[in-house]
Amino acid sequence: MKDLLTISYRSVSCLRKPADEISSILSESLSRNQRLGITGLLLFDGNFLLQTLEGPPVETKSVYAKIICDLRHTNITLLSTRLIRTRVFPTVTARLRPQVTSEA
Ligand SMILES: Cc1cc2nc3c(=O)[nH]c(=O)nc-3n(C[C@H](O)[C@H](O)[C@H](O)COP(=O)(O)O)c2cc1C
């Protein structure tokens, strides 16, 4: 099996309407991630964002390069980048703190 790249970062949200904007980030990400073979996890606690991306190295690096230029978050801190054989998050998933969802 080929190696996959996993990248994890933490950032600080600049989202003004978090529930709406997270939904739109997810809808714009889903088809691209699926097309590129990228899966992962996006967590949001109302202030910090934590995302792990995993997929083919070239594609995963290119999506991360777009994400770090996105003005919807700031103070992006790379937590880890490494090659893996097996996905930890085999589906594209996101979790929001319940209060954030109910503020929609
Ligand atoms: C917290 C956060 C996570 C994101 N995650 C992804 C992602 O997993 N996949 C993706 O394609 N875009 C993601 N985006 C959106 C990208 O930053 C970017 O807007 C998108 O790739 C479109 O870029 P383009 O218009 O230059 O093609 C995310 C944005 C933010 C703020």
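Quick note: the coordinates plus some simple rules give every number you see, no bench work behind them. Quick caveat, the model's predicted, so the values are computed rather than measured. Note that each Cβ is placed from the backbone with ideal geometry, even for glycine, and that neighbours are counted across all protein chains shown.
Out of all DSSP beta bridges in the chain, what portion is antiparallel? Express it as a percent rounded to 5.
If I count the DSSP bridges inside the chain, around 80 percent turn out antiparallel.
Rounded, prolate or oblate: which one fits the stretch 20-60, using the alpha carbon gyration tensor with axes a ≥ b ≥ c (rounded when a/c is under 1.5, else prolate when a/b beats b/c, else oblate)?
In terms of gyration-tensor shape, oblate.
Please say if the chain is rounded, prolate or oblate, where rounded means a/c under 1.5 for a ≥ b ≥ c the square roots of the C-alpha gyration tensor eigenvalues, and otherwise the choice is prolate for a/b larger than b/c and oblate otherwise?
prolate
Given Cβ point charges of +1 (Lys, Arg) and -1 (Asp, Glu) and nothing else, what value in debye, to the nearest 20, does the dipole of the stretch 4-102 about its Cα centre take?
160
Helix 18-36: angle to the longest alpha-carbon principal axis of the chain, degrees 0 to 90, nearest 10?
Helix 18-36 sits at roughly 20 degrees to that axis.
Over the stretch 4-102, what is the relative contact order in percent, taking alpha-carbon pairs closer than 8 angstrom and at least six residues apart?
Once normalised by length, the contact order is 48 percent.
For the chain, take the longest principal axis of its alpha carbons; what is the angle in degrees between that and the long axis of helix 57-67, to the nearest 10 within 0 to 90?
Roughly 20 degrees, rounded to the nearest 10.
Output the peptides 10-18, 68-76 sorted from most to least packed, where packing is the average of other Cβ atoms within 10 Å over each peptide's residues.
10-18, 68-76
Which aspartates and glutamates have a Cα less than 17 Å from the Cα of K61, not counting those fewer than 8 places away in the same chain?
Partners found: D3, D70.
For S31 and K61, compute 0.36 nm times the residue count separating them, minus their Cα-Cα distance, and round to one decimal in nm.
Length gained between S31 and K61: 9.1 nm.
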